[in-house]
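Data block below; observations after.
Bear in mind these aren't lab numbers, they're just calculated from the coordinates by the rules spelled out. Quick caveat: nothing in here was measured; it's all calculated off a predicted structure. Heads up, the Cβs are rebuilt from the backbone with ideal geometry, glycines too, and the neighbour counts pull from every protein chain shown.
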Amino acid sequence: MENEIVKDNLKVLENVVIKGDLQNLNASERLSYYSRLCESLGLNPMSKPFAYIQLNGKLVLYALKDCTDQLRSIKGISIEIVSREFNNELGLFLVTANGTNKEGRMDSSIGVVTIKGLIGEQLSNALMKAETKAKRRVTLSLAGLGILDESEADSIPSVKIVDESILENEETERLNLIHEIELEMPKREFNLEEFYKFLGSEDLQSVSLTKLRQSAKALSAKPIKTGLLGQEWSK
């Protein structure tokens, strides 16, 4: 059983480190990951440089404006807009930005927005957004940070901005489920070893919310243990 638990824990670690999926981390673990990421980049976590999004079924971080602003200062990144181009046939506006960091490394990125049918303030906002996209993309690239920027997030259909209050509510639900499971485990008839194998851990704090929900539901369906006289244990 211990080998199975180790494998499952390593899988969670792989999802975070390799795939960037924070879905199975609890609030404390997410905060630790957030803080360590900020520390590795020299960012001030109190300024909230990142936020959460759902992307392709994964919970990941994306960069906010304060993130790229800080990175430009920390990494000594200077940016130059080298081209602005209207593609009337496709209804697009493209901006190319070149960036150079303090070590002299250079990179370039483009920002593209749809402008077809836009006029007035909507058009002007779209033009500024293309420039913002180009600047932030090249900043993140030079900083070695391969994540989305907030100027990109709202233009990707599969992206869902996560309300952090939802994460807080989920954490409250997690704690309530853990409490419920801990109360019910001594009362129910089931194979404890198989139960922990299903969870992937004997530490309920490290178990995903989905598995906690499934476990609480399964436990409630198990018969209550009986004493020597065949009477049900009191709840």
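With the Cα gyration tensor of the stretch 81-182 giving a ≥ b ≥ c as the square roots of its eigenvalues, does the rule (a/c under 1.5 for rounded; else a/b larger than b/c for prolate; else oblate) give rounded, prolate or oblate? Oblate is the answer for the stretch 81-182, as a/c is 1.5 or above yet b/c matches or exceeds a/b.
Normalised by the number of residues in the stretch 76-142, the average gap of Cα pairs under 8 Å and 6 or more apart makes the relative contact order 33 percent. If you plug the beta carbon distance of Leu183 and Ser40 into 1/(1 + (r/R0)^6) with R0 = 45 Å, you get a FRET efficiency near 0.65.
Per-residue Cβ neighbour counts within 10 Å put Cys38, Cys67 in the sequence Cys38, Cys67, beginning with the fewest.
For the stretch 131-164 and the stretch 29-49, what is the separation of their Cα centres, given in Å? Between the Cα centres of the stretch 131-164 and the stretch 29-49 lies a distance of 17 Å.
Distance between the pseudo-spin-label points of Glu173 and Leu209 (7 Å out from Cα toward the beta carbon): 0.5 nm. Sorted fewest first by neighbouring Cβ atoms within 10 angstrom, Arg136, Arg213 come out as Arg213, Arg136.
Which entries of Lys58/Lys129; Lys48/Lys102; Lys75/Lys135 have Cα-Cα distances beyond 20 Å here?
Beyond 20 Å between Cα atoms: Lys58/Lys129; Lys48/Lys102.
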